[in-house]
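The values are calculated or read from the model by the stated rules, or taken from the named source; none is laboratory data. Everything numeric here is computed off the predicted structure, so don't read it as measured data. When we count neighbours, we look across all protein chains shown, and the Cβ atoms used for this are built from the backbone with ideal geometry, even at glycine. These area figures cover heavy atoms from the full protein model, side chains too; ligands, DNA and RNA do not enter into them. Shrake-Rupley method; radii C 1.70, N 1.55, O 1.52, S 1.80 Å.
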Amino acid sequence: MSKSSFPTAIQRSNVPVTIDENKCIADKGCTVCVEACPLDVLAINPLTGKAQMTFDECWYCLPCEKDCPAGAVSVEIPYLLR
Amino acid sequence: MNTIEHAVDVLVIGGGTAGPMAAVKAKQVNPNLKVLLLEKANVKRSGAISMGMDGLNNAVIPGHATPEQYVREITVANDGIVNQKTVLAYARNSFAMIEELDRWGVKFEKDETGDYAVKKVHHMGTYVLPMPEGHDIKKILYRQLKRNRVEITNRLVATRLIVGQEDGRIAGAFAFDCRTADFYVIKAKSVVLATGAAGRLGLPASGYLFGTYENPTNAGDGYSMAYHAGAELSGIECFQINPLIKDYNGPACAYVTGPFGGYTANSKGQRFIECDYWSGQMMQEFYHELESGNGPVFLKLDHLAEETISSIETILHGNERPSRGRFHAGRGINYRERMVEMHISEIGLCSGHSASGVWVDEHAATTVPGLYAAGDLACVPHNYMLGAFVYGGFAGESAARHANEHGQIEVDPAQLDAERQRVWAPLQRESGLPPAQVEYKLRRMVNDYLQPPKVTRKMEIGLERFDSIRDDLEVLHANNPHELMRAMEVHAIRDCAEMAARASLYRTESRWGLYHARVDYPERNDADWLVHVQLHKNAGGDMACFKRPLEPYVIPVDDQEKTAYQRLRISSTNTPEAVAP
Ligand SMILES: Cc1cc2nc3c(=O)[nH]c(=O)nc-3n(C[C@H](O)[C@H](O)[C@H](O)COP(=O)(O)OP(=O)(O)OC[C@H]3O[C@@H](n4cnc5c(N)ncnc54)[C@H](O)[C@@H]3O)c2cc1C
Ligand code: SF4
Ligand code: SF4
């Protein structure tokens, strides 16, 4: 199958999780929120060394926020549901 | 991408609620067994009870209820279609499980005398035990896993069960790592399936794929795996539909608010159902009211005293769905000032709330030798969290005994190759369809064609659509292991959609209120349909349904009780404009 048979575009979306990069201590080895998330949508950004939301697939269940030792995570209700 | 082989005695798939209990109980039967708990997410925060739970919905506590009474209640609530032995086995072990959880440190509400403070929410008996401090439950389970030396692997997604070619006995499972895409062959002498509900079947009205009632990690993988392993499933046509806060996917929670004086009301603030316990009949009345001139439906709390409302807020905004408070704040809604709009959820398959699941007996055994099932995906109607724990326990004990008595079956290399190829294909294709788009389309079709009230011709068209989406599965493309997980979930969701359509078409009557309301077969027909509808992969490899007669009841139900759930509507609110059926 040739590549051109499935052309795709990248679409932006507003995601519900914000990480306060001044507070996040992922650069010291923390991955608590990444491990807690049941949907596996958080990851450490190799460029910034901080956690971020990588996939817009959130259940707004809050373990990431509750378990973060630095108080760096805030979860909002996703825009479509607000 | 590597292939990793691993051998254990007992493999437990799904580390949410039933799974950890199964693993612990298997170890307690025989501490020498190698027991592996395999989880798609991370057992510390996975599953329906990820953040905790507001209470036990079905506690059978001496002095408040008897096992016999509970079996009658569930028999009636599920319109007679139950294998009573399985419900009775739950009910008889319910209290012992509460005491065990209590010893482990789970906090239940007690009165001044130290007795459990059980509340009445059901139509007939008293079974709801609040857990206002229920947020620690995953921590407590994790401690038990460690104490009992259960082996744990996180972020592995099971995709198929391995079944012996000759005797159809279980031999383990295939899985992959959702971060590396490594392929796993896990050999086991017995397997417990505890992967929860099929929660990503219907599409929430917002169109948001992950805004489901159920934890969306539970995409129905277990239903699909059991089906492909040759197991019988039952009651698939008895969908799960829940009353929710409109736009917020948390339960409206009359169970929590009911004992405080809150209730479900119409737009005039009137009660229209006698009892807020979730059943198909209750959902039918809810749906009638929602679609009538008295709609929509609301959760009414604004008549309650300030201190009562703040107690309710502490529970509802703190435990199982704590983002609820943020949702209300965002819309400027305060329980004190006005009623909160409610709506009905998307459809799902879940025996925890309704009755769809893998067929099990009173020892949690499925029809596949060596395969056990527990929790939301095992067919023991209205089993909820405590049922998941009790059947998790049964499944673990049965699986341990089976592993004690049986050897390991060799894995057929051809079966291994075929599955590894199926799993890796979306990563290996150069281009193709994005999993999220295929999932959106599939689930929109589920809404369009399967959402009750059910119409025969619509469901037939639905089947055609699901069949053509089968071709799309062959061109799914994943950019990374995470997307691969979503791609493989779409396979499972498609299987569940087909099962939901076929089982619904097979039962040519209406039953369970809204859950199986068939517009063109509006009447309940006990003469032909007081039976289980089973679904399996037949000898020709096709999806087929058949009738399984009810086992004679072990607890008789009298005629007065039998119709109790058909008399839920408060007569003064009969709505002439209510819609069919
Ligand atoms: C919002 C909500 C509120 C509820 N409130 C109550 C209540 O107040 N009282 C009550 O009694 N009950 C309540 N319930 C029901 C109760 O929580 C469930 O019945 C029970 O927790 C189900 O347990 P389970 O083990 O079957 O599923 P879960 O606990 O959901 O566990 C399933 C696990 O399987 C994992 N998994 C899924 N697919 C795979 C795969 N392919 N490979 C590996 N792992 C996989 C998941 O990650 C998950 O950890 C509620 C449910 C929900 C969703
Ligand atoms: S848990 Fe908090 S500190 Fe740790 S990585 Fe996540 S955001 Fe950063
Ligand atoms: S709210 Fe839940 S789903 Fe969303 S990022 Fe946090 S842990 Fe993950």
Unique match (being within 16 Å of ligand 1 (Cβ to nearest atom) and either open to solvent by 30 Å² or more (accessible area, probe 1.4 Å) or part of a loop (DSSP other than H, G, I, E, B) (or both)) among B:96, B:48: B:48
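Per-residue answers, yes or no, for (1) open to solvent by less than 10 Å² (accessible area, probe 1.4 Å); (2) on the phi < 0 side of the Ramachandran plot; (3) touching a residue at least 24 places away in the same chain (Cβ under 8 Å); (4) not in a helix (DSSP H, G or I):
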{"position": "B:24", "(1), (2), (3), (4)": "yes, yes, yes, no"}
{"position": "B:37", "(1), (2), (3), (4)": "yes, yes, yes, yes"}
{"position": "B:40", "(1), (2), (3), (4)": "no, yes, yes, yes"}
{"position": "B:43", "(1), (2), (3), (4)": "yes, yes, yes, yes"}
{"position": "B:52", "(1), (2), (3), (4)": "yes, no, yes, yes"}
Any hit, the range A:19-30, residues being open to solvent by less than 60 Å² (accessible area, probe 1.4 Å) and within 14 Å of another protein chain (Cβ to nearest Cβ): no
Residues within the range B:301-327 that are free of Cβ contacts under 8 Å to residues at least 40 places away in the same chain and not in a loop (DSSP other than H, G, I, E, B), tallied: 7
Boolean, residue B:177 is modelled with pLDDT under 95 and either polar (S, T, N, Q) or more than 30 Å from residue B:246 (Cα to Cα) (or both): no
Where residue B:439 falls short, out of the listed (1) in a loop (DSSP other than H, G, I, E, B); (2) more than 22 Å from residue B:529 (Cα to Cα): (1)
Failed item, numbered, when residue A:58 is tested on (1) within 10 Å of ligand 2 (Cβ to nearest atom); (2) within 30 Å of residue B:246 (Cα to Cα): (1)
Considering residues of the range B:54-83 that are of a type in the set (S, T, N, Q) and closer than 20 Å to residue B:507 by Cβ only, the residue most open to solvent (accessible area, probe 1.4 Å): B:83
Matching residues, the range B:513-556, being in a loop (DSSP other than H, G, I, E, B) and open to solvent by less than 20 Å² (accessible area, probe 1.4 Å): B:517, B:555
Enumeration of residues in the range B:338-380 that are open to solvent by less than 10 Å² (accessible area, probe 1.4 Å), over 19 Å from residue B:202 (Cβ atoms) and either of a type in the set (Lys, Arg) or part of a strand (DSSP E or B) (or both): B:340, B:358, B:371, B:373, B:378
Residue among A:73, A:15 that alone is surrounded by 22 or more Cβ atoms within 10 Å (Cβ to Cβ), closer than 25 Å to residue B:317 by Cβ and within 13 Å of chain B (Cβ to nearest Cβ): A:73
Candidates A:25, A:77 - the one that is touching a residue at least 40 places away in the same chain (Cβ under 8 Å) and more than 12 Å from ligand 2 (Cβ to nearest atom): A:77
Residue ID - nearest to ligand 2 (Cβ to nearest atom), chosen from residues in the range A:61-70 that are more than 7 Å from chain B (Cβ to nearest Cβ) and out of contact with any helix residue (DSSP H, G or I) (no Cβ under 7 Å at 6 or more places or on another chain): A:70
Residue B:429 basic (Lys, Arg) and more than 14 Å from every other protein chain (Cβ to nearest Cβ): no
Unmet requirement for residue B:519, which otherwise passes all of (1) among the β-branched types (Val, Ile, Thr); (2) closer than 29 Å to residue B:264 by Cα; (3) outside the structural domain of residue B:462 (by TED's automatic domain parsing): (3)
Residue A:46 being within 7 Å of ligand 2 (Cβ to nearest atom) and open to solvent by 60 Å² or more (accessible area, probe 1.4 Å): no
Residues located in the range A:59-76, provided they are within 10 Å of ligand 3 (Cβ to nearest atom), among the hydrophobic types (A, V, I, L, M, F, W, C) and either out of contact with any strand residue (DSSP E or B) (no Cβ under 9 Å at 6 or more places or on another chain) or more than 25 Å from residue A:28 (Cβ to Cβ) (or both): A:59, A:61
Among residues of the range B:303-362, those that are touching a His at 6+ places or on another chain (Cβ under 7 Å) and on the phi > 0 side of the Ramachandran plot, counted: 0
Lone qualifier among A:36, A:43, A:51, A:26 - being modelled with pLDDT of 95 or more and within 7 Å of ligand 3 (Cβ to nearest atom): A:36
Residue that is nearest to the other protein chains (Cβ to nearest Cβ), among those in the range B:246-277 that are of a type in the set (S, T, N, Q) and open to solvent by less than 20 Å² (accessible area, probe 1.4 Å): B:249
Odd one out for residue B:15 among (1) open to solvent by 10 Å² or more (accessible area, probe 1.4 Å); (2) touching a residue at least 24 places away in the same chain (Cβ under 8 Å); (3) part of a loop (DSSP other than H, G, I, E, B): (1)
Residues satisfying the stated conditions in the range B:135-169, i.e. at pLDDT 95 or above and open to solvent by 40 Å² or more (accessible area, probe 1.4 Å): B:139, B:142, B:143, B:146, B:147, B:149, B:151, B:152, B:154, B:160, B:169
Selection count where residues are away from every other protein chain (no Cβ under 14 Å) and open to solvent by 30 Å² or more (accessible area, probe 1.4 Å), scope the range B:464-495: 5
Residue check for residue B:118: surrounded by 24 or more Cβ atoms within 10 Å (Cβ to Cβ), touching a Phe, Trp or Tyr at 6+ places or on another chain (Cβ under 8 Å) and farther than 30 Å from residue B:404 by Cα: yes
